[in-house]
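Chemist: Mind having a look at this structure? Questions to follow.
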Amino acid sequence: MTTPANPIRSTIPFDTDGVHHGFLRLPHSNNDSAWGAVMIPLTVIRNGAGPTALLTGANHGDEYEGPVALQALAHELQPAQITGRVIILPYMNQPAFRAASRVSPIDGVNLNRAFPGHPRGTVTQKIADYFQQVLVPMADVVLDFHSGGKTLDFVPFACGHELDDPAQQTACLAAARAFGAPFTVILREIDAVGMYDSAVEAQGKVFVTTELGGGGTVTARSARIARTGVRNVLIHAGILQGEAEPGETRFLTMPDDACYHAAPQDGLIEPAVDLGEAVAKGDLLARIWPLDRTGAAPLLVVAQRPGLLIARHFPGLIRQGDCLAVLAVEAG
Ligand code: CA
């Protein structure tokens with residue numbers, strides 16, 4: 001049931017019971033390989049009729065909790081453990097993942113700003129179109145793993161968005177809660193145009209995403225949270241047998257754009273607050289020291305509102321306009 005105009009083909013069936021490991025094959029003629037292809041690893045596990053979960057990691061190629069948890073799941077999950085179907089793509093943007101890069105090295109496109117994509121567009125646009133036209137319509141529940149990548153670091157959370165349809169929003173937040181991360185957030189996006197999130201939500205699906213860490217690596221703790229979380233979501237969706245282990249979570253919201261703090265100038269960051277710590281309005285978040293001289297006072301960045309630090313710039317140096325800090329508010 002591929003869209004004729006999109007050249008991506010699956011090497012395995014989607015509607016056959018059992019475990020199938022294969023690829024999405026995307027023809028990519030280039031200087032290194034005249035008749036070559038981008039091969040996106042894909043596992044489909046099916047056991048009879050039932051709901052379908054679509055699970056993705058490395059939508060951004062430098063975020064690793066999703067890839068780790070989904071490699072483990074693809075290796076371990078057996079058809080007898082499920083009812084319905086699980087579609088697993090640990091490396092959604094495979095060229096970006098192989099380059100350890102947020103965006104694709106082939107076309108410079110950020111997959112999570114490329115939706116709905118284009119069947120005759122660039123490599124990344126074709127991947128987006130295939131998800132939009134083929135994979136998302138198959139799904140009842142969609143889990144897309146994110147983390148901070150090389151430039152951001154997050155407290156671990158699963159999240160949903162405010163949606164026009166209150167029933168859909170409730171279902172999405174229930175699935176995010178079921179994931180069982182230490183925090184559950186109603187996320188306010190700074191730039192939602194072209195996101196996979198918006199595309200999936202517009203198709204009426206139950207959508208969960210995460211931010212589980214960052215810095216371009218994974219920790220033992222964040223890997224555990226990701227592995228447990230994906231199983232919890234599958235149990236919540238009625239696909240995987242067993243008992244969910246959702247654990248404690250703290251609910252957070254992001255009431256306004258003042259949650260986001262950008263760097264007013266280039267510099268060397270001295271954080272004044274660590275992830276998970278609470279601040280009042282006006283509290284110091286960070287000093288930004290000059291890169292080119294001694295003896296000058298640092299620029300002080302203060303909290304624009306009260307909240308909990310849920311994300312911070314990761315590298316020691318920052319540029320004007322970079323995201324420095326993100327606050328969220330404990331839900332009453
Ligand atoms: Ca991301």
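Chemist: Mind putting a number on the dipole of the stretch 195-332 about its Cα centre? Charges go on the C-beta only, +1 for Lys and Arg and -1 for Asp and Glu, and I need it in Debye to the nearest 20. Don't skip to the answer; put the middle values down first.
Modeler: Details: 12 positive and 16 negative charges, 47 e Å.
It comes to approximately 220 debye.
Chemist: Which stretch or stretches of the stretch 115-138 have amide N atoms under 16 Å from the point lying 7 Å from Asp107's Cα along the Cα→Cβ direction?
Modeler: Residues 115-134 fall inside that zone.
Chemist: Tally Lys and Arg at +1 and Asp and Glu at -1 over the other residues with C-beta under 13 Å from the C-beta of Ala202: what net charge comes out?
Modeler: Numbers: positive: Lys205; negative: Asp164, Asp165, Asp197, Glu201.
Summing Lys and Arg as +1 and Asp and Glu as -1 gives -3.
Chemist: Of the options Val38, Leu308, Ala72, report the single residue whose Cα projects farthest towards the positive end of the charge dipole of the chain (beta-carbon charges: Lys, Arg +1; Asp, Glu -1).
Modeler: Of the listed residues, the answer is Val38.
Chemist: Please return the longest range in the chain lying between exposed loop sites, taking GluC sites (Glu not before Pro), DSSP loop only, at most 15 other beta-carbon atoms within 10 Å, and leaving the sites out. Spell out each step's value before the answer.
Modeler: On the way: sites that count: Glu162, Glu189, Glu243, Glu248, Glu277.
Counting at most 15 other Cβ atoms within 10 Å as exposed, the longest clean stretch of the chain is 1-161.
Chemist: Go through Thr253, Ile186, Ala158 and say which Cα lies farthest out towards the positive end of the charge dipole of the chain; charges sit on Cβ, +1 for Lys and Arg, -1 for Asp and Glu.
Modeler: Ranked along the dipole, the leading option is Ala158.
Chemist: Another question, if that's okay. Any chance you could run the full-extension gain for His20 through Gln78? It's 0.36 nm times the residue separation minus the Cα-Cα distance, nm to one decimal.
Modeler: 19.8 nm
Chemist: Past the 19 angstrom mark, what percentage of all C-alpha to C-alpha distances in the stretch 44-162 do you count? Write down the numbers at each step before the final one.
Modeler: Values: 3486 of 7021 pairs.
Value for the stretch 44-162 (Cα pairs over 19 Å): 50 percent.
Chemist: Give me the percent of accessible area attributable to carbon and sulfur for the chain, probe 1.4 angstrom.
Modeler: Carbon plus sulfur share of accessible area: 52 percent.
Chemist: With a 1.4 Å probe and all protein chains left in place, how much accessible area per residue does the chain have, in Å²?
Modeler: 43
Chemist: The stretch 87-152: which trypsin sites (Lys or Arg not before Pro) are DSSP loop and have at most 13 other beta-carbon atoms within 10 angstrom?
Modeler: Here the trypsin sites (Lys or Arg not before Pro) that fit, given the DSSP loop and packing criteria, are Arg120.
Chemist: Under a point-charge model restricted to the Cβ atoms of Lys and Arg (+1) and Asp and Glu (-1), what is the dipole moment magnitude of the stretch 257-330 relative to its Cα centre, in debye to the nearest 20?
Modeler: On the way: 6 positive and 9 negative charges, 28 e Å.
The dipole of the stretch 257-330 has a size of about 140 debye.
Chemist: Say each of Asp266 and Asp164 gets a label point 7 Å from the Cα, pointing the same way as Cα to Cβ; how far apart are those two points in nm?
Modeler: 4.4
Chemist: Suppose every K and R has +1 on its Cβ and every D and E has -1 on its Cβ; what is the size of the dipole of the chain about the Cα centre, in Debye to the nearest 20?
Modeler: The dipole of the chain has a size of about 620 debye.
Chemist: Please report the orientation-averaged projected area of the stretch 159-268, defined via the convex hull of its C-alpha atoms, in nm². Mind showing how you got there, number by number?
Modeler: Working: hull surface 36.1 nm².
Across all orientations, the stretch 159-268 yields a mean hull projection of 9.0 nm².
Chemist: Please arrange Trp35, Trp289 by accessible surface area, largest first, computed with a 1.4 Å probe and ligands excluded.
Modeler: Trp35, Trp289
Chemist: DSSP beta bridges in the chain, what fraction antiparallel, as a percent rounded to 5?
Modeler: Counting DSSP beta bridges with both partners in the chain, the antiparallel share is about 70 percent.
Chemist: Where is the GNM fluctuation largest for the chain (alpha-carbon springs, 10 angstrom cutoff): Val103, Val279, Val44?
Modeler: Val279
Chemist: R0 = 51 Å: FRET efficiency of Gln203 with Leu299, Cβ-based, nearest 0.05?
Modeler: Efficiency for this residue pair is about 0.70.
Chemist: Of the residues Asn110, Asn31, Asn232, which exhibits the maximal mean-square fluctuation in a Gaussian network model of the chain defined by a 10 Å Cα contact cut-off?
Modeler: Highest fluctuation of the listed residues: Asn31.
Chemist: Where does the chain land at 222 nm, in deg cm²/dmol rounded to the nearest 500, when only DSSP H runs of n ≥ 4 count, each adding -39500 (n - 2.57), divided by all residues?
Modeler: After summing the helix terms and dividing by the residues of the chain, the value is -5500 deg cm²/dmol.
Chemist: Just for the Cα atoms in the chain, what are the lengths along the principal axes, largest first, rounded to whole Å?
Modeler: Per principal axis, max minus min of the Cα coordinates gives 67, 51, 37 Å.
The values are calculated or read from the model by the stated rules, or taken from the named source; none is laboratory data. Because the structure is a prediction, the values reported are computed rather than measured. Backbone-built Cβ (ideal geometry, glycine too); neighbour counts: all protein chains shown. Keep in mind that these areas ignore ligands, DNA and RNA; they rest on the heavy atoms of the full protein, side chains included. Shrake-Rupley method; radii C 1.70, N 1.55, O 1.52, S 1.80 Å.
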